[in-house]
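See below for the structure under consideration.
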Amino acid sequence: KPAAMPALCALMANSTHKPHRLMVCDVLTEMAKQNPSHLIKGLTDSRWYYVRNLVYIMGKVNNPQFAKSLAPLVTHSDVRVRKEALRTLRILCPGGSADRFVAFLNDREESIRLLAVKILTTGQYSAPFTTWSPIVTAKAFQARSLSEKRGVFQAMSRAGGEDIVPYSRDLVTKWFWTNRKNRQETGVLAV
């Protein structure tokens, strides 16, 4: 019954044995189809494994209303929670605005940034250049690997469309870009 959800969530949160947590996850997945709001309450818990399991359940339920609740997890302290939130967002939002995925491009963990790039290049997302600008104009972007920068530009070209042309033109035509290796690489990738 839906009234059992709080007790099952508490059981899952306090269980230290992974197989037990997975069994409770399966039961909660079925229950959350009728009462999805209770899962959202647990996203602020301090235990990373509990939050990750809740996000996993949200992906299994596949209710688009969860997408807005997952947005604050971009800054969660645990990398495993952020990665699960990104995977779940891909399930919940297979197309549309790229904003929620572009936010993950600022993550300090490279594997999360690369997963976000992969999602943006393979999905049907769109975002104006103003969404991409804080990422590609930051000094930290110049220090990223060539493959990551290439991926970001590919994602930008798919999701940004014509909006990115002025930025790409500026990268190529500025007089100082050929004098610096990073700027040169970035300009070539933009082309």
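The values are calculated or read from the model by the stated rules, or taken from the named source; none is laboratory data. Please read these numbers as outputs of a predicted model, since none were measured by experiment. All Cβ positions, even for glycine, are placed from backbone atoms using ideal geometry, and neighbour counts span all protein chains on display. Heavy atoms of the whole protein, side chains included, go into the accessibility calculation; ligands, DNA and RNA do not. Shrake-Rupley method; radii C 1.70, N 1.55, O 1.52, S 1.80 Å.
Restricting attention to the range 1-10, the residues that are aliphatic (A, V, I, L, M) and closer than 12 Å to Gly42 by Cβ add up to 3. Scanning the range 104-127 for residues that are of a type in the set (Gly, Ala, Ser), surrounded by 14 or more Cβ atoms within 10 Å (Cβ to Cβ) and within 15 Å of Val79 (Cβ to Cβ) yields one hit, Ala116. Residue by residue through the range 54-108, note down the ones that are more than 26 Å from Arg150 (Cβ to Cβ) and small (Gly, Ala, Ser). Across the range 54-108, the qualifying residues are Gly59, Ala67, Ser69, Ala71, Ser77. Within the range 149-176, the set of residues being at pLDDT below 80 and of a type in the set (Ser, Thr, Tyr) comprises Ser168, Thr173.
Conditions (1) under 30 Å from Ala127 (Cβ atoms); (2) at pLDDT 95 or above, marked per residue:
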site	(1), (2)
Val24	no, no
Asn35	no, no
Asn62	yes, no
Arg80	yes, yes
Pro94	yes, no
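Among the conditions (1) under 18 Å from Ala85 (Cα atoms); (2) surrounded by fewer than 17 Cβ atoms within 10 Å (Cβ to Cβ); (3) modelled with pLDDT under 90, the only one that Thr16 does not satisfy is (1).
Of all residues in the range 51-81, those that are open to solvent by 20 Å² or more (accessible area, probe 1.4 Å) and aromatic (Phe, Trp, Tyr) total 1. Within the range 71-128, the set of residues being over 22 Å from Asn53 (Cα atoms) and without any contact (Cβ under 8 Å) to a residue 12 or more places away in the chain comprises Arg108, Thr122.
What pairs come out if I take residues in the range 25-50 that are within 16 Å of Pro72 (Cα to Cα) and pair them with residues that are surrounded by fewer than 16 Cβ atoms within 10 Å (Cβ to Cβ) and not polar (S, T, N, Q) whose C-beta lies under 6 Å away, six or more apart or interchain? Matching pairs, first to second residue: Trp48/Asp78. Do you know which residues across the range 82-95 are under 15 Å from Lys60 (Cβ atoms) and either in contact with a helix residue (DSSP H, G or I) (Cβ under 6 Å, 6 or more places away or on another chain) or crowded, with 22+ Cβ neighbours inside 10 Å (or both)? Glu84, Ala85, Thr88, Leu89, Arg90, Ile91, Leu92, listed by residue number.
Restricting Glu162, Glu148 to those that are assigned to a helix (DSSP H, G or I) and touching a Lys or Arg at 6+ places or on another chain (Cβ under 7 Å) reduces the list to Glu148.
Output the qualifying pairs, or none if there are none: Cβ atoms under 6 angstrom, residues six or more apart or on different chains, first residue in the range 135-164 and closer than 18 Å to Asp99 by Cβ and surrounded by fewer than 13 Cβ atoms within 10 Å (Cβ to Cβ), second residue of a type outside the set (Val, Ile, Thr) and at pLDDT 90 or above. Going by the 6 Å Cβ cut-off, there are no qualifying pairs.
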